[in-house]
Amino acid sequence: MQTDPTDMAVSGERHPSLAELRNSSHPQVSEHLARCAMCRSVVGADEALDAPIPLELPKGLVTENAFRWPADPIARGGMAQIFAGEDRRLTRTVILKAPREGEELPEGMAEMFQRRVTAEARILAKLQHPSIVTIYELGRSSAGWPFCVLERVDGVALRDRLDEIAEAEAEDGTPRTRERLELLSSLVSIAEALAYAHERRIVHRDCTPNNILLGKRGEATLIDWGIARDLDAPAVAADPALVDAPAVAQGRGVTISAGTPPYLPLEQTRGQKADPSFDVYSFGITLYEVIAGRTPFDWQVVQGPDARTRQLAAFLGWLKAGSPAAPAMPRDPELSGIIARAMAPAPAQRFTADELVRALKQYLTGDLVFSHRYSVPGRLARWARRHRGAAVALVSLALFAIGGALVWAQLSRRAQQEAELRAIAAAARADASEKGREADQASREAEAAEQLAEQAQRQSKNADAMRRDAEAKRRSAEAKRKEFEQSALRAKDDADDAYKRYTEAQKDKYEADRGRAIAVTERDAARATEQAALRDRDTARTAQLAAEKERDAARTARELSDKDRDAARATAAGAEKDRDAARAAQAAAEKERDAAVAGRSSAEKERDDARKKLAELEQRVRERPHEPPAREPPGREPPGREPPGREPPPAPPSPLPAPTGPVTSGPVTSPN
């Protein structure tokens with residue numbers, strides 16, 4: 001998902017790119033500007049925003065000869081080309097970033113690229129962070145163009161890693177959620193790097209997967225600060241870099257001056273002044289792509305100006321509509337909420353970089369995310385995920401308590417049934433006793449009736465009638481007795497049934513008592529488990545405190561290491577200055593030594609010439625024949641005897657020239 005500078009074709013007419021519009025001297029460009037009001041407005045906005053960045057470089061910069069440059073670059077961006085070079089002085093591998101050059105550059109763009117490389121070096125010099133690429137120095141070539149010497153970061157681009165995960169998911173159809181969440185933990189350091197840069201009033205403006213490198217140990221580094229902005233630098237304004245594309249949305253012209261679709265917020269596409277919220281939005285889109293496997297707007301690399309124009313217009317329309325994107329991970333509302341707020345359409349609704357770091361750390365450590373609204377079940381679920389041991393113990397205890405309550409209710413119900421059965425059996429026994437007494441009373445009445453009948457039969461002539469009455473009473477009493485006996489048998493059967501139910505109730509009671517004893521044992525075991533969970537929680541808290549102390553110690557050590565590194569760099573800079581001064585002094589001493597040697601050689605030559613002349617004079621004196629002294633004319637005194645009051649003539653000049661060079665200490669040999 002990469003972006004190329006495009007030739008725009010809006011409303012069926014091809015519009016020049018911003019790079020071509022800057023070369024207004026071209027006849028076709030001039031003719032197009034004369035008839036196109038939109039392009040004239042774009043050129044005016046670009047000239048207002050593109051305030052010149054001073055290209056004056058200080059003297060004494062390192063030259064390209066201090067490095068071994070490969071023949072071909074390893075990468076080429078919108079403004080610069082990247083080389084994997086070698087520092088000849090320290091024998092280390094470095095990254096050399098130089099402006100693009102060659103025939104493919106539009107006329108007038110080379111100087112702007114050189115200004116941007118210089119501005120990038122000055123911005124990186126203000127940033128010292130483990131997740132920001134380090135600049136070593138700024139150099140100037142013999143031809144005058146600047147270049148940056150950067151730290152070599154070994155790793156793979158986040159874009160390549162996301163492509164690998166997407167290919168693996170496409171092969172077997174299995175989501176790689178765990179691998180994507182592991183990437184999320186690595187990207188927290190990028191959010192910290194953005195927060196660090198924003199504290200120093202610097203905006204990156206192109207935080208995309210292409211500019212994030214992942215190391216082997218999970219570390220992440222933010223690179224390519226070529227279009228970054230220093231908000232405190234008055235002369236630096238937004239100059240277009242990666243995408244120079246005017247477009248039309250709802251009848252109004254929109255200029256994308258810098259950045260990479262689809263990671264741009266709407267205000268950045270309109271060329272507004274750089275703001276830290278730009279980086280938060282771009283990083284939010286990056287997080288969305290890491291978790292969901294795609295960006296909210298599905299940007300594709302297309303061929304042809306018409307296709308690029310349609311896609312860019314669709315992207316700008318999507319931005320202006322401000323439609324909310326689907327959740328990055330629907331099953332995780334916390335993470336989806338963090339990402340949604342980071343890429344909110346309105347800048348005021350977005351996180352600051354510090355708030356984004358805080359929210360991500362709270363999510364990854366299992367704490368409650370300060371920006372998320374939780375329900376009671378949600379809070380309980382979050383607490384259970386964070387304290388799994390204690391949650392298991394509490395759930396087990398609750399289950400045992402519910403089981404004990406159910407057993408107790410069953411025992412109570414069975415005890416009540418047992419009491420009712422005992423009452424029924426007692427009532428049946430009482431009823432049987434009553435029926436037996438009534439049967440005995442009926443038998444006694446029948447016997448009395450028989451006796452009366454016999455007595456009446458003997459005493460009266462109506463004995464037969466009385467006997468018949470007695471027989472009837474006897475039959476009635478016999479029927480009652482049989483009825484009472486049957487009732488007694490039924491009562492006995494009911495009593496037997498009640499006794500059987502009572503016996504079964506006793507057995508159920510025994511089983512209930514046994515179950516209650518088991519429940520008590522399980523409850524004690526649950527309490528023991530709870531105590532063990534509490535001890536584990538205390539141990540975990542102790543370990544967490546120890547980990548936090550170690551983390552604080554590591555941070556302190558890292559800060560001390562940063563200070564030592566800064567001190568070492570300062571010492572190295574001082575040492576380099578002393579070395580340069582020593583080299584300058586050595587060069588001056590060598591010049592003085594060369595001058596002294598030249599003077600000495602000249603003096604020796606003059607001495608040799610003088611000796612030769614002296615030898616010639618002495619030879620002439622020896623070769624001159626002996627002549628008698630000439631007679632002086634009268635009136636003239638011989639030499640050495642001048643008359644009184646007259647000074648002798650001055651001595652003739654010496655034929656030997658005075659030495660001009662330094663006096664040598666070597667031996668002097670007499671010509672004789």
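Some observations on this one:
- Taking the criterion of being farther than 30 Å from T118 by Cβ and basic (K, R), the residues of the stretch 146-180 that qualify are R161, R176, R178, R180.
- Residue count, the stretch 490-516 (criterion: within 23 Å of V395 (Cβ to Cβ) and modelled with pLDDT of 80 or more): 0
- Residue selected from the stretch 83-108 under the condition crowded, with 16+ Cβ neighbours inside 10 Å and under 19 Å from A143 (Cβ atoms), by the criterion modelled with the lowest pLDDT: R100
For (1) modelled with pLDDT under 90; (2) hydroxyl-bearing (S, T, Y), each residue gets a yes or a no:
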{"site": "R555", "(1), (2)": "yes, no"}
{"site": "E559", "(1), (2)": "yes, no"}
{"site": "D566", "(1), (2)": "yes, no"}
{"site": "A572", "(1), (2)": "yes, no"}
{"site": "V597", "(1), (2)": "no, no"}
{"site": "S602", "(1), (2)": "no, yes"}
{"site": "E606", "(1), (2)": "no, no"}
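- Scan the stretch 75-100 for residues that are among the hydrophobic types (A, V, I, L, M, F, W, C) and either closer than 18 Å to G259 by Cα or free of Cβ contacts under 8 Å to residues at least 12 places away in the same chain (or both) and the total you get is 4.
- Test: residue in the stretch 37-60 that is at pLDDT 85 or above and surrounded by 15 or more Cβ atoms within 10 Å (Cβ to Cβ): no
- Which numbered condition T571 misses (of (1) hydroxyl-bearing (S, T, Y); (2) under 30 Å from L406 (Cβ atoms); (3) outside the structural domain of A405 (by TED's automatic domain parsing)): (2)
- Any hit, the stretch 321-337, residues being touching a Ser or Thr at 6+ places or on another chain (Cβ under 8 Å), among the charged types (D, E, K, R), modelled with pLDDT of 90 or more and not assigned by TED's automatic domain parsing to the domain that holds D538: no
- Considering each residue of the stretch 533-545 in turn, none proves to be of a type in the set (V, I, T), over 30 Å from K126 (Cβ atoms), more than 47 Å from the chain's Cα centre (by Cα) and at pLDDT 80 or above.
- Total residues in the stretch 355-382, condition more than 20 Å from E182 (Cα to Cα), modelled with pLDDT under 70 and surrounded by 14 or more Cβ atoms within 10 Å (Cβ to Cβ): 1
- Total residues in the stretch 317-348 satisfying the condition of being out of contact with any Asp or Glu (no Cβ under 8 Å at 6 or more places or on another chain) and under 19 Å from C207 (Cα atoms): the figure is 11.
- Criterion: assigned to a helix (DSSP H, G or I) and either buried (at least 17 other Cβ atoms within 10 Å of the Cβ) or not hydroxyl-bearing (S, T, Y) (or both) - qualifying residue of A197, A143: A197
- All positions within the stretch 295-315 that are touching a Phe, Trp or Tyr at 6+ places or on another chain (Cβ under 8 Å) and either assigned to a loop (DSSP other than H, G, I, E, B) or not assigned by TED's automatic domain parsing to the domain that holds Y281 (or both): T295, P296, F297, W299
The values are calculated or read from the model by the stated rules, or taken from the named source; none is laboratory data. These numbers come from a predicted model, not from an experiment. We place every Cβ from the backbone using ideal geometry, glycine too, and count neighbours over all the protein chains shown.
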